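Novice: Starting off with a structure, shown below.
The values are calculated or read from the model by the stated rules, or taken from the named source; none is laboratory data. Since the structure is predicted, the reported quantities are computational estimates derived from the model, not experimental observations. Cβ placement follows ideal geometry from the backbone for every residue including glycine, while neighbour counts extend to all protein chains displayed.
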Amino acid sequence: MIIYERLAMRRLSATLGILLAVLAATAACGDSEPSSPDDAPTSTALTQLLPEEMQSAGEIVFGNSPPYPPFSIIDGDDHSGLDIELGNALAEELGVNARWEFYQWEQIKPALDTQRVDVVISATSDQPTRHEDEWNVDYLKDGPVFLAPAELAKEKGWTRATDLCGETVSYQTGGTQYDDYLKQFNETECEGAGLPALKTLDSVDSSAQFLNIETGRAVALWESVTVLGYRANVMEPGKYVILGMGDDGKQPYFETRLALHLLKPQVEAKDALVAAMEALIENGKYGEILKKYGLDIAALNEVTVNSTPGIGSVS
């Protein structure tokens, strides 16, 4: 069975699980929540873009797999997080309610395939292997970057990813392609540019990564920007800095994207969601949601659909 990927973000539970254990609860499969603030949606100029059945129902059914901070957070009976707020905002732009169906991770893809949900928004990657069967409407950049202690970076004068060439950095082995990207970064941006080679220290999980930099065994770690943005900007602001978001500060070395997933026949729904995303970017609500969760660093300037991962610019 093919399931969605969350790439390195699935390892986030190692660090955030303890910190959020009091708030988190296990999602029961098929749990539902009739979200959107108002039961009676107000039509907008974009409502007519939706398929007739969604207009008649007055709702979009979103599928999500919590808990997964900062994208999906459970506090008692309340669901929140970046994905939840973005889904609600998209529905509001389209003049319909957002109804949420919550599933265990392995069940989220089958829920879409069997049309129990209209759209999956659950921190899942835009995957070229699924483009034949799905529309992947991108809503966030992702990809590996470096995170270093802020005081150390200031002392050493590190402002770019390549400033770490010759230093020891921590990375996680297996489970994602990020270890391969680190080797590629070393070969092209360090050794290939005549700089000293990176020294690497492998780790089994995210907790071990942070332990390596806290104890000085490594000066930085290599991880997903959507994981590290939340950690550095919301959980522990000022303690860490992120290095490697491109010359413009907005693109990781190897860029992937997180996406909303729809089945390929849902062309009208896809076009409607693209229009709603464009509206949220234009009116600033998209940026406000991302900033709240420390992920404005990974914002998109324009909406893309079924994109292909690739090498970005390096800073």
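Novice: I'd like to verify a number: residues in region 278-289 that are over 23 Å from VAL234 (Cβ atoms) and touching a helix residue (DSSP H, G or I) at 6+ places or on another chain (Cβ under 7 Å), how many?
Specialist: 1
Novice: Could I ask something else about it? Looking at region 165-176 only, could you name the residues that are among the hydroxyl-bearing types (Ser, Thr, Tyr) and either over 11 Å from ALA220 (Cα atoms) or modelled with pLDDT of 95 or more (or both)?
Specialist: Taking region 165-176 as the starting set, the residues that turn out to be among the hydroxyl-bearing types (Ser, Thr, Tyr) are 168, 170-171, 173, 176.
If the condition is that a residue be among the hydroxyl-bearing types (Ser, Thr, Tyr) and either over 11 Å from ALA220 (Cα atoms) or modelled with pLDDT of 95 or more (or both), then THR168, SER170, THR173, THR176 are the ones that fit.
Novice: Now a separate question. Output the residues belonging to region 176-207 that are of a type in the set (A, V, I, L, M), assigned to a helix (DSSP H, G or I) and touching a helix residue (DSSP H, G or I) at 6+ places or on another chain (Cβ under 8 Å). Don't jump to the end; show me each part of the working.
Specialist: Taking region 176-207 first, the residues of a type in the set (A, V, I, L, M) are 182, 193, 195, 197-198, 201, 204.
Retained after the next criterion (residues that are assigned to a helix (DSSP H, G or I)): 182, 193.
Listed by number, the list holds a single entry, ALA193.
Novice: With the condition kept exactly as written, say whether any residue in region 299-307 is under 14 Å from the mean Cα position of the chain (by Cα), closer than 27 Å to PRO144 by Cβ and crowded, with 19+ Cβ neighbours inside 10 Å. It would help to see each step written out before you state the result.
Specialist: Filtering region 299-307 down to residues under 14 Å from the mean Cα position of the chain (by Cα) leaves 299-300.
Filter again for closer than 27 Å to PRO144 by Cβ, leaving 299-300.
With crowded, with 19+ Cβ neighbours inside 10 Å added as a condition, the list becomes none.
No, the conditions are met nowhere in region 299-307.
Novice: Still on this structure, please answer the following. Go over the candidates LEU20, LEU49 one by one and state the one that is at pLDDT below 95 and among the hydrophobic types (A, V, I, L, M, F, W, C).
Specialist: LEU20
Novice: Condition first: acidic (Asp, Glu) and surrounded by fewer than 21 Cβ atoms within 10 Å (Cβ to Cβ). Now tell me which residues in region 107-165 satisfy that.
Specialist: Across region 107-165, the qualifying residues are ASP113, GLU132, ASP133, GLU151, GLU155, ASP163.
Novice: Considering only region 209-231, I want to know if a residue exists there that is surrounded by 13 or more Cβ atoms within 10 Å (Cβ to Cβ), without any contact (Cβ under 8 Å) to a residue 12 or more places away in the chain and assigned to a helix (DSSP H, G or I).
Specialist: Narrowing region 209-231 to residues surrounded by 13 or more Cβ atoms within 10 Å (Cβ to Cβ): 209-213, 217-231.
Filter once more, so that each one left must be without any contact (Cβ under 8 Å) to a residue 12 or more places away in the chain: 211.
Filter again for assigned to a helix (DSSP H, G or I), leaving 211.
Checked region 209-231: at least one residue is surrounded by 13 or more Cβ atoms within 10 Å (Cβ to Cβ), without any contact (Cβ under 8 Å) to a residue 12 or more places away in the chain and assigned to a helix (DSSP H, G or I).
Novice: Do we have ASP247 as among the acidic types (Asp, Glu), at pLDDT below 95 and out of contact with any helix residue (DSSP H, G or I) (no Cβ under 6 Å at 6 or more places or on another chain) here?
Specialist: On the way: among the acidic types (Asp, Glu): yes; at pLDDT below 95: yes; out of contact with any helix residue (DSSP H, G or I) (no Cβ under 6 Å at 6 or more places or on another chain): yes.
Considered against the rule, which asks whether it is among the acidic types (Asp, Glu), at pLDDT below 95 and out of contact with any helix residue (DSSP H, G or I) (no Cβ under 6 Å at 6 or more places or on another chain), ASP247 comes out as yes.
Novice: Would region 177-199 turn up any residue that is among the β-branched types (Val, Ile, Thr) and modelled with pLDDT of 95 or more?
Specialist: No, the conditions are met nowhere in region 177-199.
Novice: Return the only residue of LEU260, LEU280 being at negative phi and either outside any helix (DSSP H, G or I) or modelled with pLDDT under 95 (or both).
Specialist: Numbers: LEU280 fails: either outside any helix (DSSP H, G or I) or modelled with pLDDT under 95 (or both).
Among LEU260, LEU280, only LEU260 is at negative phi and either outside any helix (DSSP H, G or I) or modelled with pLDDT under 95 (or both).
Novice: In addition: Restricting attention to region 166-186, report how many residues are more than 27 Å from the chain's Cα centre (by Cα) and either without any contact (Cβ under 8 Å) to a residue 12 or more places away in the chain or on the phi < 0 side of the Ramachandran plot (or both). Let's see the steps before the verdict.
Specialist: Looking only at region 166-186, we keep the residues that are more than 27 Å from the chain's Cα centre (by Cα), and these are 166-167.
Still in the running and either without any contact (Cβ under 8 Å) to a residue 12 or more places away in the chain or on the phi < 0 side of the Ramachandran plot (or both): 167.
Total meeting the criteria: 1.
Novice: Residues that are hydrophobic (A, V, I, L, M, F, W, C) and over 23 Å from PRO265 (Cβ atoms): find the strands (runs of 3 or more DSSP E) completely inside region 61-123 holding 1 or more of those.
Specialist: Details: elements: 73-75, 78-80, 97-102.
In region 61-123, 73-75, 97-102 are the strands (runs of 3 or more DSSP E) which contain 1 or more residues that are hydrophobic (A, V, I, L, M, F, W, C) and over 23 Å from PRO265 (Cβ atoms).
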